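A.B. asks: The structure under discussion is supplied below as structure tokens; questions concerning it will follow.
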Amino acid sequence: GDAWPAYDEVAREITAMTPEEKATLHHAGDTRVEEGVWAECRPIVKRHGALLSALRTAAARRMVTVPVQEQRGHIGATASLTPTLSGLRSASELISASAKLKSDDGDWDGAVDEIAVGLQTGCDLCRISPLIPFLVGRAVTGITLQAAARILKSPSIPVAAAGRLSRLLDRLGQEMPSLQHAARAEGILVGESLMLLLQGKL
């Protein structure tokens with residue numbers, strides 16, 4: 001079934017994370033990050049294990065339709081999605097940190113599994129959605145790609161794990177929706193906005 005309700009629930013649960021936790025995870029995603037930040041991330045990832053499990057469950061569905069409320073017009077429809085999109089961006093930083101920590105622990109299969117979830121989440125947000133969810137999906141994908149690059153740079157990564165990660169990236173290139181998909185949804189919303197203006201309802 002549609003994964004959006006599950007993603008929405010993940011985003012709601014993100015509110016349990018403190019601003020300090022989110023800032024630490026965001027800093028860990030920086031390409032210039034110091035290695036010491038991973039020690040700070042470890043208890044955060046452990047504390048929010050249930051949230052990670054919920055994100056894995058949502059991504060496993062591999063089918064999502066971002067809900068667009070045309071009758072609210074372009075700005076109203078997009079604004080209604082903002083809390084979920086913001087939460088999923090933070091969730092992608094959490095699962096990317098989990099991937100790095102698993103690779104540090106020698107759990108390469110687990111690390112690649114986490115990368116797969118991040119890439120799937122980004123792809124899902126780009127599927128049938130207007131521009132803002134599409135751009136957030138691209139951001140989620142970018143965060144995950146940075147984590148994948150960090151893992152691939154490890155000199156101790158097994159050949160099998162590197163090969164599996166490479167295949168995931170190839171699949172991403174084939175399945176990631178193009179900007180044209182978002183442009184079609186944008187056209188619908190803009191058209192509805194014009195109708196609402198003509199009717200004096202916006």
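The values are calculated or read from the model by the stated rules, or taken from the named source; none is laboratory data. Not measured: the values here are computed from a predicted model. With ideal geometry, Cβ positions are generated from the backbone for all residues, glycine too; neighbour counts draw on all protein chains shown. When the accessible area is computed, the model is the full protein with side chains, heavy atoms only, and any ligands, DNA or RNA have been set aside. Shrake-Rupley method; radii C 1.70, N 1.55, O 1.52, S 1.80 Å.
A.B. asks: Which condition does Ala160 not pass, out of (1) touching a Phe, Trp or Tyr at 6+ places or on another chain (Cβ under 9 Å); (2) surrounded by 16 or more Cβ atoms within 10 Å (Cβ to Cβ), if it passes all the others?
C.D. replies: (2)
A.B. asks: Within 21 Å of Glu13 (Cβ to Cβ) and not hydroxyl-bearing (Ser, Thr, Tyr): which single residue out of Ile128, Ile143, Ile132 fits that description? Write out each step before concluding.
C.D. replies: Values: Ile128 fails: within 21 Å of Glu13 (Cβ to Cβ); Ile132 fails: within 21 Å of Glu13 (Cβ to Cβ).
The conditions single out Ile143.
A.B. asks: Something else about it: How many of the residues making up region 145-202 are modelled with pLDDT under 85, part of a helix (DSSP H, G or I) and not hydroxyl-bearing (Ser, Thr, Tyr)?
C.D. replies: Summing the residues that are modelled with pLDDT under 85, part of a helix (DSSP H, G or I) and not hydroxyl-bearing (Ser, Thr, Tyr) in region 145-202 gives 20.
A.B. asks: Only one of Leu152, Leu165 is within 26 Å of the chain's Cα centre (by Cα) and either open to solvent by less than 60 Å² (accessible area, probe 1.4 Å) or touching a residue at least 60 places away in the same chain (Cβ under 8 Å) (or both). Can you tell me which?
C.D. replies: Values: Leu152 fails: either open to solvent by less than 60 Å² (accessible area, probe 1.4 Å) or touching a residue at least 60 places away in the same chain (Cβ under 8 Å) (or both).
That would be Leu165, the only listed residue that is within 26 Å of the chain's Cα centre (by Cα) and either open to solvent by less than 60 Å² (accessible area, probe 1.4 Å) or touching a residue at least 60 places away in the same chain (Cβ under 8 Å) (or both).
A.B. asks: Based on this model, can you work out whether Ser92 counts as open to solvent by 10 Å² or more (accessible area, probe 1.4 Å) and either outside any helix (DSSP H, G or I) or at pLDDT 75 or above (or both)?
C.D. replies: When the stated conditions are applied, Ser92 does not pass them.
A.B. asks: Just one of the numbered conditions (1) more than 16 Å from Arg138 (Cα to Cα); (2) open to solvent by less than 20 Å² (accessible area, probe 1.4 Å); (3) not in a helix (DSSP H, G or I) is not true of Val64; which one?
C.D. replies: So Val64 meets the others, but not (1).
A.B. asks: Which members of region 184-202 meet the condition of being open to solvent by less than 60 Å² (accessible area, probe 1.4 Å) and either in contact with a Leu (Cβ under 6 Å, 6 or more places away or on another chain) or in contact (Cβ under 8 Å) with a residue 12 or more places away in the chain (or both)?
C.D. replies: Ala185, Glu186, Leu189, Ser193, Leu196
A.B. asks: Can you tell me which residues in region 97-127 are within 16 Å of Leu172 (Cα to Cα) and outside any helix (DSSP H, G or I)?
C.D. replies: Residues of region 97-127 that are within 16 Å of Leu172 (Cα to Cα), as a first pass: 112-127.
The one that is within 16 Å of Leu172 (Cα to Cα) and outside any helix (DSSP H, G or I): Arg127.
A.B. asks: Here is a follow-up. Determine which member of the set Thr57, Thr78, Thr24, Thr15 is at pLDDT below 85, over 21 Å from Leu135 (Cα atoms) and not in a loop (DSSP other than H, G, I, E, B).
C.D. replies: When all the criteria are applied, what remains is Thr15.
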